[in-house]
1. In region 147-164, which residue that is in contact with a Lys or Arg (Cβ under 8 Å, 6 or more places away or on another chain) and closer than 13 Å to Ile108 by Cα is surrounded by the most Cβ atoms within 10 Å (Cβ to Cβ)?
2. What number of residues within region 48-69 are within 16 Å of ligand 3 (Cβ to nearest atom) and in a helix (DSSP H, G or I)?
3. Looking only at region 80-100, count how many residues are of a type outside the set (A, V, I, L, M, F, W, C) and surrounded by fewer than 16 Cβ atoms within 10 Å (Cβ to Cβ).
4. Taking the condition buried (at least 18 other Cβ atoms within 10 Å of the Cβ) and farther than 19 Å from Gly14 by Cβ, does Leu203 pass?
5. When region 119-172 is examined, which residues are found to be hydroxyl-bearing (Ser, Thr, Tyr) and free of Cβ contacts under 8 Å to residues at least 24 places away in the same chain?
6. Please verify whether Leu213 is away from ligand 3 (no atom under 14 Å from the Cβ), in contact with a Pro (Cβ under 7 Å, 6 or more places away or on another chain) and modelled with pLDDT of 95 or more, treating the condition exactly as stated.
7. Take the residues in region 70-98 that are among the acidic types (Asp, Glu) and away from ligand 3 (no atom under 16 Å from the Cβ), then tell me which one is nearest to the chain's Cα centre (by Cα).
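The values are calculated or read from the model by the stated rules, or taken from the named source; none is laboratory data. Given the structure is predicted, the values throughout are model-derived calculations rather than measurements. We place every Cβ from the backbone using ideal geometry, glycine too, and count neighbours over all the protein chains shown.
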Amino acid sequence: MTAVAASIGDGGSGGCRHLAIIMDGNGRWAQGRRLPRIAGHREGVEAVRRVVEAAPGLGLDVLTLYAFSSENWKRPADEVSDLMGLLRHYVKSEIDTLHRNGVCLNFIGDWRALKPDLVSLLEAAREKTRANSGLKLVMALNYGGQGEIVRAAQALAAEAAAGTLDPAAITAELLESRLDTAGLPPPDAVLRTSGELRLSNFLLWQTAYAEYLVTDTLWPDFDGAALAAALDEFARRERRFGGR
Ligand code: IPE
Ligand code: IPE
Ligand code: MG
């Protein structure tokens with residue numbers, strides 16, 4: 001039998017333990033109200049609060065949120081700066097509550113390339129909540145799935161070039177161990193709000209066997225009930241992982 005990537009499950013039932021969400025539709029939410037886009041992003045932060053609060057009660061162990069993609073730098077500078085400001089605000093204002101609730105906060109993506117003051121804030125939040133055993137909240141910041149795989153390949157290539165790794169010893173598990181998500185179970189499901197049907201460079205490797213869930217709800221309107229409905233939909237899916 002050939003090795004199967006560690007991120008591909010071996011069947012079996014079970015609920016959704018890891019949900020990854022592409023939080024989309026903030027701009028359209030604002031547009032529908034003739035408000036500036038930042039108003040939609042602000043309401044989007046409220047939706048994050050609601051969902052993080054509801055997640056553990058709905059059986060989730062890991063919640064990964066796509067907050068800023070490596071392609072989102074293409075947006076106008078003022079929108080990028082609004083988004084970074086909201087991220088800073090969210091972490092500053094929420095970290096004590098998250099910590100109190102046992103949430104362990106972490107980040108994936110090239111987040112260390114963000115502004116130094118923001119990186120320090122993120123590092124501190126990570127340190128503070130490192131030992132918490134409740135919900136693992138993973139925020140994808142300056143994240144792109146292709147870039148993540150490229151960085152993992154570079155790490156392995158560097159070891160091979162240094163003579164400490166035999167290229168023939170590279171397996172799916174080894175590559176996975178160099179991804180930003182090393183140590184996390186793969187998402188059982190990926191949910192995208194706002195009705196868009198694309199992955200937009202999110203968790204390309206890790207979602208090999210994830211269930212796709214979509215809702216027309218715009219992210220700022222998302223809440224615990226919408227999350228419960230999405231997880232109900234997941235529970236009705238039959239997962240096969242190539243088997244039968
Ligand atoms: C999601 O909402 C937030 C981010 C991508 C950061 P959008 O800003 O993409 O909202 P739409 O797609 O324009 O409605
Ligand atoms: C994906 O949403 C990125 C995040 C949710 C952070 P986008 O709104 O940026 O994706 P596209 O451009 O519509 O594919
Ligand atoms: Mg969008």
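1. Ala152
2. Of the residues in region 48-69, 1 are within 16 Å of ligand 3 (Cβ to nearest atom) and in a helix (DSSP H, G or I).
3. 8
4. Taking the combined requirement at face value, the residue satisfies it.
5. Step one: list which residues in region 119-172 are hydroxyl-bearing (Ser, Thr, Tyr), which gives 120, 129, 133, 143, 164, 171.
Those that are hydroxyl-bearing (Ser, Thr, Tyr) and free of Cβ contacts under 8 Å to residues at least 24 places away in the same chain: Ser120, Thr164.
6. No; evaluated as a whole, the condition is false for this residue.
7. For region 70-98, the residue satisfying everything is Glu94.
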